[in-house]
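Here is the structure we will look at, set down as structure tokens.
The values are calculated or read from the model by the stated rules, or taken from the named source; none is laboratory data. All values derive from a computational prediction rather than experimental measurement. In this analysis, Cβ positions are derived from the backbone assuming ideal geometry, glycine residues included, and neighbour counts consider all displayed protein chains. Heavy atoms of the whole protein, side chains included, go into the accessibility calculation; ligands, DNA and RNA do not. Shrake-Rupley method; radii C 1.70, N 1.55, O 1.52, S 1.80 Å.
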Amino acid sequence: MPKRLVNKNILLGVTGGIAAYKSADLARRLREAGACVRVVMTQKAKEFITPLTMQAVSGNPVHDDLFDLQAEAAMGHIELARWADAILVAPATADFIARLRQGEANDLLTTLCLAASAPIALAPAMNQAMWKNTATQENVQAVQDKGVKMFGPDAGEQACGDVGYGRMLEPLELVKQLSELFETKMLTGVNVLMTAGPTQEAIDPVRYISNASSGKMGYALAQALTEAGAKVTLISGPVSQRTPEHVTRINVISAKEMYASVMNHVHDNDIFIGVAAVADYRCKTISSQKIAKTSEELQLVLERNPDIVASVAQLDKKPFVIGFAAETENLISHARAKLFRKKLDMIIANQVGGTETGIGSDENAVTVLWCEQQQEFKRMSKQKLARELVSLIAECYKIKNDELRCLSA
Ligand code: C5P
């Protein structure tokens, strides 16, 4: 099974229909595709399948009550709504669709649907006459008009013996349609070159100078870029991140190697993003033997490494160039100065040192600066942030491209 939902938080809503017996398999298939799954069941759903089953297959406690003090203490309903990258309600009964249309918040699942900003998809499952009924069709149309996606239903034989539309789609088909929600096509046909991770600058055969970059932000961006349709080449320093599907990864160790690899590939690319925490200095001479601890003091002479992102921005035929700025103070003014000094098209600035965001952490909060403009992204998971950044990058890249086309016309 292709890992199409890696790093995606999927909130699986289960409502009270006979197709709920398939929701257990669906939860399993979602996890196989790489998703992290949390299940929310309505009271009626529990008549068809037990919370224990759903807990076992999802690997997480099941949420079923808006007024459960214990559950709220562990993960409150607003937190749960924020956690979700997508909500999939499967099966979605006629009653649930009607309540969703009304904007009701009389149970946990409808409340979450109201509170979440993530996309919502429904997999309707009901008797064919109920599906065809004008009331249901009007409700379906109304929720679709509000942006809710409809997966199915399928036609065929039903549990009640009828034949017609109203069968829930099979779990694998639901996984496929859900993963397509994340494939935005905003950057289809666009080639992106990126750097990520730290570099290591050798001192001797066993020692090096490096930094705490984990590569998480760069790899999350690489994944979001491919989901947006871009062809991504990722030049990576030493990290323990999994390479996202469809990303071409080139491993390097030092800043010099990273520079050479970037210069080798940059001409085939439309966008360059420097996410790597490149070492600014390297040892002037690398000892060929392990340095013995014979003296009380040891001095290393360092020399400057090339600035990769600035070098790319100086090329005659330069791509759209984006840099990062990790700052401990004066975030915006330092980042804006860097944007102009390095001649970048865009810079993504984040505060580091003494915060729970940035280097090494799972979350980040950034301010993006370009031309005279800026946009703030509040603290969120690096995966979610990467998707939001990719939307902004795609928008700015398109505007810049259109301007260049106008100039050359
Ligand atoms: O100047 P500073 O290191 O703060 O700039 C950070 C930005 O510059 C990041 O985009 C980083 O990838 C890039 N950079 C680079 N080569 C260097 C140093 C930084 O590409 N030698």
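Results, tabulated for the structure shown:
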read-out: Karplus 3J(HN,Hα) series, Hz, for segment 387-402 with 6.51 cos²θ - 1.76 cosθ + 1.60 (x for Gly, Pro); value: 5, 5, 5, 4, 4, 5, 4, 4, 5, 5, 4, 5, 4, 4, 5, 5
read-out: DSSP-defined beta bridges in the chain - what % are antiparallel, rounded to 5; value: 30
read-out: CD proxy at 222 nm, helix term only [per DSSP H run n ≥ 4: -39500 (n - 2.57); per residue of the chain; nearest 500]; value: -10500 deg cm²/dmol
read-out: Shape of segment 9-180, Cα gyration tensor, a/c cut at 1.5; value: prolate
read-out: In degrees, nearest ten, helix 255-265 long axis to first principal axis of the chain (Cα); value: 70
read-out: Accessible carbon and sulfur surface of the chain relative to its total accessible area, %, 1.4 Å; value: 51
read-out: Shape call, segment 150-282: gyration tensor on alpha carbons, a/c limit 1.5; value: prolate
read-out: Relative contact order, percent, segment 18-85 [alpha-carbon distance under 8 Å, six or more residues apart]; value: 31
read-out: Sites matching trypsin sites (Lys or Arg not before Pro) across segment 221-276 that sit in DSSP coil, with at most 16 neighbouring C-beta atoms within 10 Å; value: Arg242
read-out: Degrees, to the nearest 10: 171-181 long Cα axis against longest axis of the chain; value: 50
read-out: Percent RCO, i.e. relative contact order, over segment 9-180, from Cα pairs under 8 Å lying at least 6 residues apart; value: 24
read-out: Highest-first arrangement of 59-71, 273-285, where packing means the average Cβ count within 10 Å; value: 273-285, 59-71
read-out: The chain, relative contact order [Cα under 8 Å, separation at least 6], %; value: 11
read-out: Extent along principal axes [Cα atoms of segment 312-401; Å; largest to smallest]; value: 39, 25, 21
read-out: Spatially near lysine pairs across segment 211-321, Cα under 21 Å, sequence gap of 8 or more or different chains; value: 6
read-out: Isotropic mean projected area of the C-alpha convex hull, segment 191-408 (nm²); value: 13.3
read-out: Rule-of-thumb Rg ratio for the chain [Cα; 2.2 N^0.38 Å; N residues]; value: 1.17
read-out: Angle between the chain longest axis and helix 134-145 axis [Cα atoms, degrees, rounded to 10]; value: 10
read-out: Diffusion constant of segment 78-176 at 4 °C, which comes from Stokes-Einstein with the Kirkwood Cα-pair radius and 1.567 mPa s, µm²/s; value: 94
read-out: Selection of GluC sites (Glu not before Pro), segment 137-187, meeting DSSP coil and at most 16 other Cβ within 10 Å; value: Glu183
read-out: Rounded accessible area per residue of the chain, 1.4 Å, Å²; value: 49
